[in-house]
Every structure is written in structure tokens, then in C-alpha cells.
Amino acid sequence: MPPSPVVAAHGLCMDYGAGELRSRVLHDLDLRVAAGEFVVILGRSGSGKSTLLHLLGAMERATAGSLTVGDTDLVALDEEARARFRRRSVGFVFQAYNLLPTLNAQENLLLPLQLNGIPDDGRSARLLERLGLQGKATRYADELSGGEQQRVAVARALVHDPLLVLADEPTGNLDEEAAGSVLDLFVELVRESGRTLIMATHSTETCARADRVLRLDHGHLVDA
Amino acid sequence: MTDRRRRLWLGLGALAVAGGVRWWRGQAVDAPSGVAAVLRDNERNAGFARVEGPRAFEFPRDHAAHPAFRHEWWYVTGHLRGDEAREFGFQMTFFRYALTPRAIESPSRWRARDLVLAHFAVTDVAGQRFHHATRRARAALGLAGADEAKPCLWLKDWQLALTDADAGRWRFTAATAHAALTLTLIPTKPLVLQGDAGYSRKSDAPGNASHYYSLPRLAASGELTLNHATQAVTGTAWFDREWGTSALGDGQSGWDWFALQFDDGRELTFYRLRRLDGSPDPHSRGLLIAADGSAQPLAASDVVMTPVRWWRSPRTRIRYPVAWRVEVPRAQLNLTLQSRLDAQEWTGDLRYWEGQVEVRDGNTRLGLGYLEMTGYE
Amino acid sequence: MNLLLLRATARHLIHHPWQLGLALLGIALGVAVVCAVQLTQASARQALQYAQRSLVGPSTHRIEAAEGTLDEQAFAALAQQWPQLSFMPGVSGDVMLADAPSQRLQVIGVDPLTASGTADARLGPGFDLLRFLDTPGAALLNADTAARLGVVHEARLRVRGDDGPVEVTIVGIAPAARDGGPADDMLVMDIASAQELLGMAGHLGAIEVALPAGLRAADLRASLPVGWRLVSNATRLGAAREMTRAFDVNLTALSLLALLVGMFLIYNTSSFLVLQRQPLFARLRALGVSRRELLVALLSEAAVLGLLGCLAGLAIGRGIAGLLLAHVARTINDLYYRAAITEVATSPALLAGIAGLGLAATLAAALPPMLAATRVSVMRVARPGPGIERTPVHGALLVRLAGAAWAVAALLLALPTRALVPGFAALFACLLGAACLVPWLLTRSARALARRPALAPTTLLALRALSMHGQRAGLAAAALMVACATGIAITVMVASFRVSVADWLSTLLRADVYVSLTTRAHDDSRRLATFRRHIDTLPEVAATSAVVRTTARTAAGPISLLAYDLPAAARPGFRFIAGEAAAVWAAWDEDTVMITEPYAWRHGLAPGDSVAIDTAAGPVAFRISAVYRDYASERGSVAMSHRTYLRHFPPRDDAGLGVYAAPGVGAARLEQALRAAMGPAADLRLQSNASLRALSLAVFDQTFAVTDLLRLLALGVAFVGIVSALLAQQMERLTDYALMRALGFRRDELLRVVLSQTLAAGAVAATLAVPVGLVLAVLLIDVINVRSFGWTMNMHVPWTRVLTAWGSAIAAALLAAALPAWRAVHQAPASILRND
């Protein structure tokens, strides 16, 4: 009996629009991800990668199928319950606009802790240091480079020990060098903490480090 | 000369305030609202005396006002000669219109029994100017009146009064902004009664009639002030008097009236009523008065009037026939009437043409007259 | 102009209809209020012209009695003396509808026989002269009034004059006032019918006359009977306008205030629109579009917006003018002149002027952000996305601006002038200075608060939003502060005024019952004096006072002269602003006068100076013993003892009596006794102290109803401003809110972030508005009111109402945030983050 999976999806479907304009973005998708696993989802633009991540991160509700993350049946959750689920159990790293512009780097990092009522036992400072952001804690988003912003975003995604870390092209907006260093740190930290990471990307370099690579093609999930 | 002055009066009444309405046309064609319509309404005249037969005239009493009747007028036209034989025509008219046949009971002095209107004009033949002015007021506060006891009409400082009853002497004074005239008038021929001994029937309906007489020739003398220069003037005048209550007849579009004084001492007066279809109305009448004062009545068929020249008013754009050929076969008269000034048009509240004309037979001047024309467009 | 460029910039607007709508609404409301006030004033002026227009002919002058009416026999003599002149005599008076006593009609009696051709248009084309003349009680009214009263041709209307109900017959419907017909609410009658109806037989109200070019007015004037005067129409109109000048300026100032608030809004909206399109502008600049071209495109866009907004504003303004008109009409009729103001006068020139003003305001407000837009860095292209641009507040600049504005205000107030316009300019400068401080204060306090440790994330986010993006919220708050402070100022001013008037009334009105003549007073020229002698003997009466009211001449023009016969009990009714009571009463019968406060202000007089009044024996100088408080007339009056009066002026009947009850006699019993003494004629009006006081205060309240309405309008504009500003902010920060939702913010938490910003902005605005409002109130009371009317008053702050204004400003801010907050919260969290 394998350990119970962190993510268990069965027959997952997602439609957008209504009536004539209704289009299916995800088709009858089955997915199981074990705890501590690093899964990469490859796919072209418009293949449904982000949508899958949004469903897994409880940002949106699936049109059909079942989806359990940890012990939580996401399909059963209402809007506010999903918000609570997100703050507690999910860490997000988006391609861009990750940071709240009215908070500085450290405050952005502290936000998940405060939302969850977790005291900062110095981990935020440690994380910043690990990510090479010492001395930039009080900078605001518009005072940080793209790579630095993404590093803060990585730190924020991990700081509250979420069950699941989701990243959507986290280095898509960065040059190759910055992308590499951010990705290295990101994967390293996730591995260290034993978190489960699902990342949507098209970078083959990333695929090399993943435990498993899945390909999403026109809303159908296929093993790569 | 049945309806003309009553009609004129009605028009004045209506247009005193509601000017600009085509009254002449309105009353004949449109059967309009307003005074003309009201006066067709016999109810409106209830309480007023009616002219239902000849009357035993009594002078000078009958020169004064007859308030029991609805309307009444004193109408003087004439021909004057001033310094250096300069010629003038003049018209002086007083109208009385009763508002009520009943005695007035009101604390307000403005609640008057009569309205008084006056038209005054001087035609300066040499200067080719037509000086004219209108006044109107109610007979109240002593500002205007038509006296019942003695022949005296006044409207502020305009006045027409019989000043010497024994001599039959009248005096009048009136003025416009540029012309002032004071005249003494003494009859030189006897008074003539129009119609049936002064009983002038307007239609077959009883009561549709007026009392009507004329003084065909009076000697006039006085002073004329034109543009602040005063000169003595002498000449002759024609005086019409008429009163009654009767309602209007229908179907007439206007009329052409004249009173001519020949140099040989005769007078000719005639009015031609024009019907809507343009034909002369059979009620048209006239008089030919001999030098001795004897009068010969003229019927509609006795006189043929033909326009020979038209003049278009630059102000109202109305065309008037200002020269006529007048034929009276019975009297072997073949006359031409020629306006002495084309612009003798009244353009105030009422639009009509009334002015001095010269009477000719071919190239021979026979005398002078006054011509009145209404209902033209 | 590059149309493609214009399209590129304008497309954005079309895709943001809310922004577009609010921008338009902001312009429209500002313009609407100005338009409404201007139209109302124009209507009042037009109604005055209609009321003064001769109904029967063109006139150049009017002959009036200095006091009372003209004797018609004297008129007849005058007409005989000047036969060449066309005099148009008339009478006028008021009646009310028997079935609707609140509907008053002005009866104008004319002599239609003096009419000229121009009367056709006035009296109507189908006018039946004979019925008008020969039917007692025949009347005309204009088409609008007929429609309003539901009266048709030949209808009978029951009206009530002094003699009870009388029937008038409508013999014609004249054209509407705008078409040259009689004024609204006017019954035109023949002079005989009018004299009968009004009981004015023998009397004329006025005589119109057209003087021909060659005649000098002085010649006619010289032949007028004593007590008659000849006034040119230009003078009459000018005098009436002069009377309402202060009132006009006050209203105009209030309306400009609304435009000012509207300009905040326009500035705010256009700066937002510019900000949002910065990437677009950067791209355009990168493509080689010059600064000039970009500016022209943006200004054209602003011009189109401004034009649309102005047009909408004119339409709305016309609607509001309808609302204002009733109030203004009442005030003008109560305080200034008789004119039925029932129709909004719409003059194309006026509307065009207002539209021009609105357009100029739009462009002026939009210019600064647009200039900023053209300076946007081309490099902005590289950083995509809206919403991460900071909009800080330039605190130092704002503080300096505020200081400058206040310096200007102080300078203006120090000017040695009594003119109203500098007073209002100072008021505006003061207000603008305070408004400048609002954004600064808001960001400052937010920053300070945000420094406190252990803030909840929602609080921190709200405070940071205010301190980092304070410009927008700051502007909204400034607009709110302006509206709220103005509201408070007006509230305090009106309350102070009312308390002062009430206080004055209760001091002044010492008698138990007041007696005055009803309008039917022509039979007995000594009616009140006789009545007074009669009641002085009654056991219920302890004492009586009497006042004679007349107009006297001075070198400086006519003055209102009051002659008092006062018992000892009445004397404490006068409250002296300058002068000693004891000295006043000691010299009371010795050719001294007291003057009212407005009179002293207008003529710069003080006790010890003297007033020279023309008497039959030539001018006599009366020493001023005191200046007393009086809110009865803004033009002021001069009061003397009845004995002094009789020594110099012809005797006149009393205008009013005050009756003091004997000890132990109640007001009701006194009134009963007086009614019995009056007899069956019932030609006197008895009013108890309380009812007279209530009536006076009711008139006062009516007068200020219009300011209430304008105050609400300004608040309305500010409200729209806040909605617009908050919506703009929300649009800017849509990404932030989506991110917060993604991070697990609950809806209520997000709502708290949005609303607490608004609450803070509202609270700062409202709180600052209280002291600013009080300062403005002081200016209104001590500068504007004194300069407008010559009245001083004691400041009285109605704290409950001030607190209500404070609370409603905050409530308005919260209410205005409702829509933006709802949009922020109901946005799908993933909507902004989708990259697919």
C-alpha cells in the first residue's frame, strides 16, 4: 500500500464559458501525487497548465470529477473555505506580480505567517538569507529586480510550511542566469523541507530535476 | 352710405387692441370671433334703442349724442387753401360707441358708458405729406366725452363742438405731432337727409337701420400749423352724422365711398358696396345735390365706377385704386377722380385709404372730393 | 490631428465604461449645479422684466407715488396738461384663489384703450376688447398660468380680495410670458374692473409713459404733483437688480463651490486615466509619437469628454433649476420684489457660457496629469502591467500651497474694501488651502500609524495603500472635506443668523397683540390712529405703541423712515449696538434719530453723526443717537419719535399698533376685546405676539431653504467624486486584490482592507472639515454677511448638526466605497493570474 497521496484527482474536468461559447479546458483528468514528490507539468501555452494549477490550489472549482488535496475534498468547499484552504495549505509562485506592492519584501514574506497565526520564529529572516536577500528585506517590489522578486515569492510560498507548493512558470519572466539560480534555490529548499511541489513549465532543465514529468496536451494528461 | 362707418367703427373697436388682424376681411369672410362677431349677435345689443322708422329731427339737439343707441359718429372732411394758395385736405372724425345701455353703478370712474375714438388727418398737397393721428379713450375722468345735452365731442385737447347753435357754427381743433388745425365751420347749404327722410335702411330686417343726415357744404376758416409754422386757411367742408344700433349685413368685402364738391356749387356723394364676388351690392346709394340744395337720390344702378390707376402701399403692400372713372348717365356726368397724394393710407390699427381727390372731366377741373376705400388687399 | 492616435488612446476608455461614466458624471454634476443656479438667477431676472414690462405699450418711464397710490383726478389733470403724451395708467394688487388660498394672483388693471400695436402680443390675438371693457370682472391670464390653474376661456374663477369671494370671468387666454404675454400668476383686467375688485376706486398704482425723443424727462417731472416721481425703466430694473445683488453673489459662490468640487473629480479621473494608460503611452512614444502629438490627442480626448459632460450637465442643471426656482422665487418675493417666477428661462448665450466654463474647468483640471503622461519614460514599456506604480503625495509642495492660499486669504481679508467678491475669494482661498492639506494629512497619518508594531495584515495593507497610493484617496478626501466644511459653515451661519433673529424678535416684540391694516384701507385715512384712541380707553389695554412708516428723501436717495410712539414698556425692545440707551431715550423727542445696523453700515454712520432728511422746510439734520439691531430690512431704516416726526413731516396714519395687555389680562382676552372694538368692518389684522414671531421665523426658514438644497448638491458631487476615486483605486489595484485572494485572504478581510482605507479617508476629511467649517462660518458671519447685508450676528454653533454633518461625511465615504468594494471582493482570484 503506497503512502496516501497528497493530491488525488479523478475524472477532473474544467469548462470555461457558457452555452455556445463553452469550451472544455481539462478533459477527464486523473492525477495522483505522493507526498514529497516534485512533479513537472509540461505543455504549450493554452494547454491548460495554469488551469490545472488553479484547481489544485483551490482558486477555482472543477466542473466535474473529484479532487482531494491532503484530507480535503476541494470539490465540496465553498468560496470562503477554499480561501482558508489556500492560506493554510498552499504556497503559490506565479510567473509575475507575485508581491503585494504596498508591502516590503519581509512583510510579503510574513503575510502567510500572520494570516495563519504562526509566530515568526526567525524563519523569515533565515529564508531571506538563504535566498540571498539579506539587506533587501525592507525593499518594495518596485525596488527589487525580477529575480529578487521571484526569490521573495519562493520564500513566501514556503514560509508557512504548506502541504502543497504550486509554481506556474516561476522563471518565465527571467533571463537564463537568474532563472537558473532561482530554480536551483527553489528546488533545493523544497527538497530540504520535504514539501510536495507541482510546477508548470516548459523548461527541460527543470524536467531533469523532477521526480516525474507529465505532459498536458489540449487538456489531456499524458505521461511524458 | 349705409354700413360704412358702422363698419369702420367696428373695425376701430376691434382693432384698437387686436390690431394686425385683417379685420376688414375677417368680418366679411371669416365670421370671426371678436367685436364684429359680437355685434352680429343681437343679444349683445339688447337694451339699446333701435332705429325703426323716420324720426322727427330736432336741431341742435340731434347734433348731440344719442346714448340710447349703440354707435354714432361725427365725420368732417374738407378742402382748404392757405398762404400762396397752397392746398390742403383734412379729415376729422369722432366716434362714440356705447359699452352699455344701462346706467353705470360702480365706485370706479373708469367704468364708463361710452368709448370715444377720433381720427384726424391733414393732407399737404404741395408738400406731398399725409399727417394723421388716432386717439381713443373711454368717456371718463373728463378726458373724453360725447355730450348728450349739447353738441360737443372731445378727447383730451381734440374737440368738435357746435359753438353757436343759431348760426350753426361748429368749431374743431386737433393736432398731430407735425400738424395742428383749428377750424370754424358754417353751413352754406341746407342739411340733407339721407335715405327715407334720414331713415337709412341697411337691410330688409326691421331695426337694421340708422338715422343719417349730412351737411353737404360748410364754409371753413381757421389756422393750420405745419411744422411749427402757422398760416390762415379757408375752404369748404362736408359733415356727416349717423347713429344707430343695428347689426351688420353679411356678404360684403368692402366699399368705395366719395363725397365730391363741384366748383359750380353741386355735390355728388355715392358709396359702392362691393360684394364678396366683386359685384356692386344693390344697397349702394348716393345723392346728387343741386346748387340750390335740392337732392336727387341715386340708386346702385345709377352710378358706374371703374378703377383706372392702382397704387401699392409700401408699408402694408395693399393695392388701392387711387384713380377712378365715375359715370352718372342720369346726370350726364363723366368724371375722373384722381388722388392728390397716393399715400393717404391709414396704417395704424386699421388699414384703409381715405383722402382728397381732384374731380376732372377730361382736362377740366370740376372740383374736389374725399374718397374712402376699404377691404383691399 | 492624428485620428489613429486618438483612437488608440480612446479605446481604453471605451473598454472601461465605469471610468468613462464617472468622469462624465463628475463634469456633468459640477456643470449642472452652476447651470442650475445661473438659470435660476436668469429666470428671476426675466420674471422681473416680465413683471415690469408694460402690458399695453412701449414705455420709457413710470410715474409712481413716493408713498401709497396716485390720485386719479390728479392724473386726469396731468393728461390734459400733456395731451400729446400717451399715459398708460394702471392699478395692481393681490388676490388669492377662493378655493386655494395659497395661490396668490397679482391683479393688474390696465386701460387697454391706451394700447399700441405692441399690445397685441401681450394680450393675445383673439383679444375681445369690448367684453374686456364692458364685463365687470373680466380678466385675462397667460397660457401657462391658465394651464396650471386648469382654467379655460370663459371660465369663472373665484378669487378672494378684501371683501370676500368675487367671481372673475376669464375672457381671454393671453400668450405665455416668454412669448411676450403677461407675467405668470397675473390677472390682467380693465382698470375699472381692477379698481372694483381691489377696492381701489379713485386710486392708481402707477402710470407708464413713453417719452418721445424731443421731450425731456425733467420737464414732465417738474409738472408732477407733490409726492409723485418719474422713474426711468432702466433705473427701475437696475434698482431691482441692485437689491438682489448680494443674494445673487451668494448663490453664485455656492454654485462655483460645486464646480470646484467637480474639478477635483475631473482632475482625479483624468490622472487615473493617464496612469492606467502609461504603458500604452510609453509604447506610442517608443513608436516615435512626439510629446506634442500625444498631448494634443489627450487634450482632444479631454475636450470631447468635457463637451459630453457639459451637455449632460446642462440638461441636469435645467432640471435642478426647476427645483431651485420655487425656493428662490419665494425668497425674492418675500424679501425683494413681486414677480411670479415660475418658468426656467433658458437663454442659449447663458447655456453656452456655462458650457464654456465647464469645458475650461475640465481642460484645466485634466492638463497637469496629461502633461505628466507625455513625460512618461519610454522604458516604461519594459515593465508591463498596471498597478505597481506608486502615486505618492508631494507633501512639501501641498503644505507650501496651503500656506500660500492662506496668505492670499489673509491678504484679501485685510484689503480695506467692503466688496463682496474679495470676501468670497478669501473664503475660497481659505477652503482651497485646507483642501491641499487633506492628502498630506491623510498620507502622513497613515504612514505614522503603519509604523506601529504588530498590526493586523489587513490594517497594514490599508494604511500602506493610503500612504503609498495616497494621491487618489487624498483627492477624494479633499473633495469630501470641501463639501463637508462648506456644509458645516453654512449650517453654522444659518443657525447663528436664526438664533440672532429669534433673539431679536423676542426682544423687539414686547406687545401682546399687534394690529395692522388689511389692504382695504382707502376709506379712512386715519383708521389705525382712530382705533388706537378708541382702544386706549379699554380696561384690558395697559398701553399702546404705534409706528408710522414712510419714505423720506435724502441727498443720498430715498430712505425708509419709521416714527415710533413708544410706551415705556416698548423701549427695552431696542437693542443698541452703539449708543447708550439712557441717552437715547433722554433725547428721544429732541430731533434725534436711531439708525439700524445695515443703514449705519451702508452709509458709514455712527452715533454723533447726523442724517439730513428733506422736509417741507428743506433739509433738516437729525443727530444720530444710536445704532440698533434690526433684521427687518437689509437696506436699513431711520427711526425717530412720533413727536419729532410731526414737527417736520405731514401727519400720516399709523402703519401698525402694538397693544399691551393690562395686568392679569391674557392675550386671548385682549384679542377678543380688540375684535369687539374693531366692529363689523373687520378691516384690521390682529396678530398675537407668538404668531407674529412664528410667521417671521417661517419667512426666515423659507429664505434659507435654497442654501440647504445647494449644500446637498455640493455633497452629492463630492459623493460621486469619492465613488469615482475609489473605483479608480480598485481598478488600479485589481491585481493586488486577486493576489490577496490567492494568498488566502477571506472576503471579509479583503473588504476590511478596502473599507478601512475609505473610512480613514472619510474620517480625516470629516474631522478636518469641522475646524475648517467653523473658520469658514466665522468668515461667512463676520465678512460675507456684513458685506452683503450689513448685519452682524452672534455665532452660535449647533453641535448636533455639526456632528451630523461629520457623521454623514464618513457615512457618505463608506457608502461611496460600497460599489468599489463589492467589485474588489467578487473578483475571481484567478482572473488576473491566468497566463494561459
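Put the Cα centre of segment C:6-53 next to the Cα centre of segment B:296-327 and the gap is 65 Å. Put in line by how crowded their Cβ is, counting other Cβ atoms within 10 Å and starting with the fewest, B:ARG285, C:ARG158 read C:ARG158, B:ARG285.
Of the residues B:THR188, B:THR134, the one with the fewest other Cβ atoms within 10 Å heads the list, and the complete ranking is B:THR188, B:THR134. Treating only the Cα positions of chain C as identical point scatterers, give the base-10 log of I(q)/I(0) from the Debye formula at each q in 0.07 Å⁻¹. Debye output, listed in q order: -0.69. Here the residues C:ARG553, C:ARG451, B:ARG266, ranked from fewest to most Cβ neighbours within 10 Å of their Cβ, fall in the order C:ARG451, C:ARG553, B:ARG266. Both radii are taken from the alpha-carbon atoms of segment C:524-682; with Rh as the Kirkwood radius, Rg/Rh is 1.01.
Quick check for you: which residues of segment C:679-711 have the amide N under 18 Å from the point 7 Å beyond the Cα of C:SER102 toward its beta carbon? Output list for this probe position: C:695-706. Normalising the Debye intensity of segment B:59-213 to I(0), with uniform scatterers on Cα atoms only, and taking log10 at q = 0.09, 0.12 Å⁻¹ returns -0.34, -0.60. Taking one quarter of the surface of the C-alpha convex hull of segment A:1-120 gives a mean projected area of 9.8 nm². For segment B:249-377, the alpha-carbon coordinates run over 42, 33, 23 Å along the three principal axes, in decreasing order.
With R₀ set to 35 Å, the beta-carbon distance separating B:ASP292 from B:HIS178 gives a calculated FRET efficiency near 0.30.
Looking at segment C:524-682, the DSSP beta bridges with both ends there are about 70 percent antiparallel. Taking the Cα centre of the protein assembly as shown as origin and assigning +1 to Lys and Arg Cβ atoms and -1 to Asp and Glu Cβ atoms, the resulting dipole is close to 1980 debye. Simple rule: put +1 on each Lys or Arg Cβ and -1 on each Asp or Glu Cβ in segment C:68-226, find the dipole, and look at C:LEU215, C:LEU70, C:VAL152; the Cα lying farthest toward the positive end is C:LEU215.
Distance distribution P(r), the protein assembly as shown, all Cα-Cα pairs, bin width 20 angstrom from 0: 8, 24, 22, 19, 15, 8, 3, 0 percent. Over segment C:68-226, what portion of Cα pair distances is larger than 29 Å, expressed as a whole percent? Percentage above 29 Å: 21.
With a simple spin-label model that places each label point 7 Å from the Cα along the Cα-to-Cβ direction, the separation between C:ALA811 and C:ALA364 comes to 3.4 nm.
If I take R0 = 56 Å and measure r between the Cβ atoms of C:ASP71 and C:LEU411 in this structure, what FRET efficiency does the formula 1/(1 + (r/R0)^6) give, to the nearest 0.05? With R0 = 56 Å, the Cβ-Cβ based efficiency is 0.50. Here segment A:133-199 is treated as a Stokes sphere of Kirkwood radius computed over C-alpha pairs; at 25 °C and 0.890 mPa s its diffusion coefficient rounds to 198 µm²/s. Each part gets one Cα centre, and for segment C:128-192 versus segment B:91-110 those centres are 23 Å apart.
Restricting to Cα pairs below 8 Å that are 6+ residues apart, what does the relative contact order work out to for chain C? Please round to a whole percent.
Relative contact order of chain C: 16 percent.
For chain A, the relative contact order is 29 percent, taking Cα pairs closer than 8 Å that sit 6 or more residues apart in sequence and dividing their mean separation by the residue count. Report summary: the helix-based calculation at 222 nm, which adds -39500 (n - 2.57) for every DSSP H run with n ≥ 4 and divides by the residues of the protein assembly as shown, gives -13000 deg cm²/dmol.
Taking other residues whose beta carbon is less than 9 angstrom from the beta carbon of C:ALA465, and scoring Lys, Arg as +1 and Asp, Glu as -1, yields +1. In whole percents, the pair-distance distribution calculated for segment B:144-290 from its alpha-carbon pairs, binned every 5 Å from zero, is 2, 8, 13, 17, 17, 16, 13, 9, 4, 1, 0. Measuring r between the beta carbons of B:ALA229 and B:ASP157 and using R0 = 22 Å, the FRET efficiency lands at 0.65.
Summarised as an ellipsoid, segment C:420-521 has semi-axes of 51, 17, 11 Å, derived from the eigenvalues of the Cα gyration tensor scaled by 5 and square-rooted, with the largest first.
Read the figures in this text as sums done on the coordinates, not as results from a lab. These numbers come from a predicted model, not from an experiment. Neighbour counts run over all protein chains shown; Cβ positions are idealised from the backbone, glycine included.
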